[in-house]
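Report on the following structure.
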Amino acid sequence: MNEKTCAVCDYPLDANAIQVTIGNRVVEVCCEECAEKLREASAKGSA
Ligand SMILES: [Zn+2]
């Protein structure tokens, strides 16, 4: 499967995908809400 999915909720990504840089990785999410969840998770020091 080549289709990318949201790193947070596994929703299939489309043209509206948002790239979020977490540490030295770039992940893609479906919406700003998921982007915020990723940023919060990384801010807690789980990386
Ligand atoms: Zn999502």
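The values are calculated or read from the model by the stated rules, or taken from the named source; none is laboratory data. Keep in mind that this is a model prediction, so the values were computed, not measured. As a convention, Cβ positions derive from the backbone with ideal geometry for all residues, glycine included, and neighbour counts pool all protein chains shown. Note: accessible area is taken over every heavy atom of the protein model, side chains too, but ligands, DNA and RNA are not part of it. Shrake-Rupley method; radii C 1.70, N 1.55, O 1.52, S 1.80 Å.
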**Item:** Neighbours by Cβ (under 9 Å, 6+ apart or cross-chain): first from the stretch 20-47, farther than 18 Å from ASP10 by Cβ and at pLDDT 95 or above; second acidic (Asp, Glu) and open to solvent by less than 90 Å² (accessible area, probe 1.4 Å)
**Value:** none
**Request:** Name every residue in the stretch 5-16 that is in contact with a strand residue (DSSP E or B) (Cβ under 6 Å, 6 or more places away or on another chain) and more than 9 Å from the ligand (Cβ to nearest atom), in order of residue number.
**Result:** PRO12
**Request:** Could you please give the count of residues in the stretch 8-24 that are assigned to a strand (DSSP E or B), within 16 Å of ALA41 (Cα to Cα) and in contact with a helix residue (DSSP H, G or I) (Cβ under 7 Å, 6 or more places away or on another chain)?
**Result:** 2
